[in-house]
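Notes for the one structure printed next.
The values are calculated or read from the model by the stated rules, or taken from the named source; none is laboratory data. All of these numbers come straight from a predicted model, not from anything done at the bench. Because the Cβ atoms are built from the backbone with ideal geometry, glycine has one as well, and the counts that use them run over all protein chains shown.
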Amino acid sequence: MIRRVAPVALLVCALALAVGVASPALATTSKGFLFHDGATLRTVVTPHAFPYRGVDPLYEVTNGADGQLGIAGVAPGDGPYHGGRWEVFDVTFNQGVTPYLLTSDDAVFAAQSAGDVTVTRDGAADFHCPVQP
């Protein structure tokens, strides 16, 4: 499961789901983007494995719409932000639901309440990677 940390970090911090992911051996510092409260944040991708110790919620949409980025539940300036110690949750659109963009944790919660998505904790994928507002 630890082999997923770098791909999740790169995916969430750097790329839309339609773009490929890197292997842990190729994990290097780069720049990317993710969603937070409907806005797009920049990030410096320096993924560091942090299994089962994340505290800042981060949502990885596994089968999202084109342009879907990872979704940070907190960011710099939020009271509970802990520097990007990401607690990873997989978000999967349920069968029969056409994926749509999710750009905030509130949107994830609403989609879950509507029965559109399933949210699953993935503690083995937790990692550390800071974001910039």
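Tabulated results
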{"read-out": "Pairs with Cβ under 6 Å, 6+ apart, first in the stretch 38-65 and within 20 Å of ALA111 (Cβ to Cβ), second part of a loop (DSSP other than H, G, I, E, B) and among the hydroxyl-bearing types (Ser, Thr, Tyr)", "value": "GLY38/THR103; GLY38/SER104; ALA65/TYR100"}
{"read-out": "In the stretch 51-76, residue surrounded by the most Cβ atoms within 10 Å (Cβ to Cβ) [restricted to those that are under 23 Å from TYR100 (Cβ atoms) and small (Gly, Ala, Ser)]", "value": "GLY70"}
{"read-out": "Matching residues, the stretch 118-133, being of a type outside the set (Lys, Arg) and outside any helix (DSSP H, G or I)", "value": "THR118, VAL119, THR120, ASP122, ASP126, PHE127, HIS128, CYS129, PRO130, VAL131, GLN132, PRO133"}
{"read-out": "Subset tally (residues that are over 15 Å from the mean Cα position of the chain (by Cα) and either within 15 Å of THR40 (Cα to Cα) or modelled with pLDDT under 95 (or both)) for the stretch 96-133", "value": "1"}
{"read-out": "Count - residues of the stretch 74-118 that are touching a Pro at 6+ places or on another chain (Cβ under 7 Å) and not β-branched (Val, Ile, Thr)", "value": "9"}
{"read-out": "Hits in the stretch 35-50 (condition: within 18 Å of PHE89 (Cβ to Cβ) and either buried (at least 21 other Cβ atoms within 10 Å of the Cβ) or of a type outside the set (A, V, I, L, M) (or both))", "value": "PHE35, HIS36, ASP37, THR43, PRO47, PHE50"}
{"read-out": "Qualifying positions in the stretch 95-111 - out of contact with any Asp or Glu (no Cβ under 6 Å at 6 or more places or on another chain), more than 17 Å from HIS36 (Cβ to Cβ) and surrounded by fewer than 17 Cβ atoms within 10 Å (Cβ to Cβ)", "value": "GLN95, GLY96, THR98, TYR100"}
{"read-out": "Among residues of the stretch 60-117, those that are in a strand (DSSP E or B) and touching a Cys at 6+ places or on another chain (Cβ under 7 Å), counted", "value": "1"}
